[in-house]
1. Looking at Lys108, Lys87, can you tell me which residue is under 27 Å from Asp148 (Cα atoms), in the same structural domain as Asp135 (by the TED database) and part of a loop (DSSP other than H, G, I, E, B)?
2. Which residue pairs have Cβ atoms closer than 9 Å, lie 6 or more positions apart in sequence or on different chains, and pair a first residue in segment 110-137 that is on the phi > 0 side of the Ramachandran plot with a second residue that is outside any strand (DSSP E or B) and polar (S, T, N, Q)?
3. Look at segment 126-173 and say how many of its residues are hydroxyl-bearing (Ser, Thr, Tyr) and touching a Pro at 6+ places or on another chain (Cβ under 6 Å).
4. Please determine, by comparing only the residues of segment 180-210 that are assigned to a helix (DSSP H, G or I) and among the small types (Gly, Ala, Ser), which one is nearest to Gln74 (Cα to Cα).
5. So if I check each of Pro69, Pro103, which one is of a type outside the set (A, V, I, L, M) and at pLDDT 95 or above?
6. Given (1) of a type in the set (A, V, I, L, M, F, W, C); (2) in a helix (DSSP H, G or I); (3) over 27 Å from His17 (Cβ atoms); (4) in contact (Cβ under 8 Å) with a residue 40 or more places away in the chain, identify the lone condition not met by Leu153.
7. Could you tell me whether segment 137-155 includes any residue that is surrounded by fewer than 19 Cβ atoms within 10 Å (Cβ to Cβ), polar (S, T, N, Q) and touching a helix residue (DSSP H, G or I) at 6+ places or on another chain (Cβ under 8 Å)?
Amino acid sequence: MPELPEVEAARRAVELHCKGLICRASVADDTTVIEGMAPFDMQRRLVAKRIVAAHRKGKQLWLELDEPPSICFQFGMAGAVYVKGVKSTKYVRSAVKDEDEWPSKYSKVHLVLDTGVEMSFTDKRRFARVRLIQDPRLSPPISELGPDAYTELPDETTFADSVAKKKTAIKAVLLDQSFIAGIGNWIADEVLYQSRIHPEQPASTLTAIDCERLRGAIKEVVMTAVDVDADLERFPRDWLFHHRWGKKPGSVNGEFPKSFNIAHMAGS
């Protein structure tokens, strides 16, 4: 499932390659994914608009056009952004392979720009959502998100105070997008492993030291994954991620990962 680092990699790719006038738009006839209007109406509202910026909060991505609305992508289980001819982030269990036809049969939105660049948003499993929203920051689902785990991680005191108010299991708290936006299953598992906290421990029972380690692990894991454009081959080899997703033989040794930068635990 694409989480914050994967969506940030997609945002950067769009920001770098896909600014320009939309000359042609193809929107799939899939009312499960294309939400709020008919595909033809979405196509009509996109053509002749200019992509001026790409934004992200948590796992939500939106393209700012030269006039509202913006086109918003909720990645779901298998959503992905591809730019034709540009190497893309290799998601775990990616829906589209390099040798597949262009645009993929799983493409939900395909845009052709005046620069000749083409981008496609694909979703094989149909849990993604594509919407046109007048002001994404002020509208659900983006307005309902908590602070972004990469750009808005709360300071130590605020973080610990927020955790102390939660009586549910700490993993469930981390997965709550209204608490912190952008963390999904693999990041939650990784930060809990690195901070040595059991996923089912009630959040309110965590000590100040536990919270400090947890916040530090969130910062370290998210920063590291973003810095390598979510390329799993470049994740530290001692991360739990490789055992969790790669099904490597043997067992995880339970030691604090050597790649974890303890200095990131202090401060913001």
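The values are calculated or read from the model by the stated rules, or taken from the named source; none is laboratory data. For clarity, every value in this text was computed on a predicted model and none was experimentally measured. For neighbour counting, all protein chains shown are included, and Cβ atoms are generated from backbone atoms with ideal geometry for every residue, glycine included.
1. Answer to the check: Lys87.
2. Arg126/Thr32
3. Of the residues in that region, 0 qualify.
4. Within segment 180-210, the match that is nearest to Gln74 (Cα to Cα) is Ala188.
5. Pro69
6. Failing condition for Leu153: (2).
7. Yes, because at least one residue in segment 137-155 is surrounded by fewer than 19 Cβ atoms within 10 Å (Cβ to Cβ), polar (S, T, N, Q) and touching a helix residue (DSSP H, G or I) at 6+ places or on another chain (Cβ under 8 Å).
Conditions tested, residue by residue: (1) surrounded by 14 or more Cβ atoms within 10 Å (Cβ to Cβ); (2) within 23 Å of Ala80 (Cα to Cα); (3) at pLDDT 60 or above; (4) not assigned by the TED database to the domain that holds Asn185.
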| site | (1), (2), (3), (4) |
| --- | --- |
| Arg213 | yes, no, yes, no |
| Phe235 | yes, yes, yes, no |
| Gly250 | no, no, no, yes |
| Glu255 | no, no, no, yes |
| Ala263 | no, no, no, yes |
| Gly267 | no, no, no, yes |
